[in-house]
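The values are calculated or read from the model by the stated rules, or taken from the named source; none is laboratory data. The structure presented is a predicted model; accordingly, all values stated were derived computationally and were not measured. When we count neighbours, we look across all protein chains shown, and the Cβ atoms used for this are built from the backbone with ideal geometry, even at glycine.
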Amino acid sequence: MTLRHRLTALAASIGVGLVLATAGATAASAHDTLENTDPAKGSTVKSLSAVALTFSADPLGTDGATVIQVIGPDKKYYETACPDLNGPVVSSPVALGGAGTYEVLWRVVSSDGHPISGSYTFAYA
């Protein structure tokens with residue numbers, strides 16, 4: 001086998017190896033996703049007793065790792081208890097203040113053990 005053929009074979013082997021390694025890593029590293037929020041992102045509500053987030057899989061119930069914060073237009077916090085995990089749904093009771101835009105900040109530990117987080121807003125009228 002000539003040097004040129006050896007280099008071509010080596011390059012092909014490395015290319016196949018990289019493709020296989022990348023394909024496996026992509027599937028294995030997929031985190032859970034937020035699938036639904038109540039109230040919905042960008043919506044306007046007239047009353048609300050709890051914020052509920054639904055994920056694509058059950059978040060892990062690691063102590064202190066699950067957080068839902070509801071921040072009002074006055075920059076105060078309006079969640080009234082620790083978040084509750086029930087399967088893929090994480091919820092927290094709230095007692096909203098005055099009308100305006102509220103921001104929901106959340107963090108959970110994905111079923112793969114990695115933290116995921118995000119935020120969204122809704123209006124209270």
*Enumerated strands (runs of 3 or more DSSP E) restricted to the range 57-114, each holding at least 3 residues that are at pLDDT 95 or above and β-branched (Val, Ile, Thr)*: 67-71, 100-109
_Condition first: in a loop (DSSP other than H, G, I, E, B) and of a type in the set (Ser, Thr, Tyr). Now tell me which residues in the range 27-56 satisfy that._
29, 33, 43, 47, 49, 56
*Failed criterion for residue 66 (all others in (1) under 21 Å from residue 44 (Cβ atoms); (2) touching a Cys at 6+ places or on another chain (Cβ under 9 Å); (3) of a type in the set (Val, Ile, Thr) hold)*: (1)
*Pairs under 7 Å by beta carbon, first residue without any contact (Cβ under 8 Å) to a residue 24 or more places away in the chain in the range 65-85, partner buried (at least 16 other Cβ atoms within 10 Å of the Cβ) and part of a loop (DSSP other than H, G, I, E, B), six or more apart or different chains?*
83/66
*Do any residues in the range 87-114 that are among the aromatic types (Phe, Trp, Tyr) have Cβ atoms under 8 Å from those of residues that are part of a loop (DSSP other than H, G, I, E, B), where the two are at least six apart or on different chains, and which pairs are they?*
102/72; 102/73; 102/78; 102/96
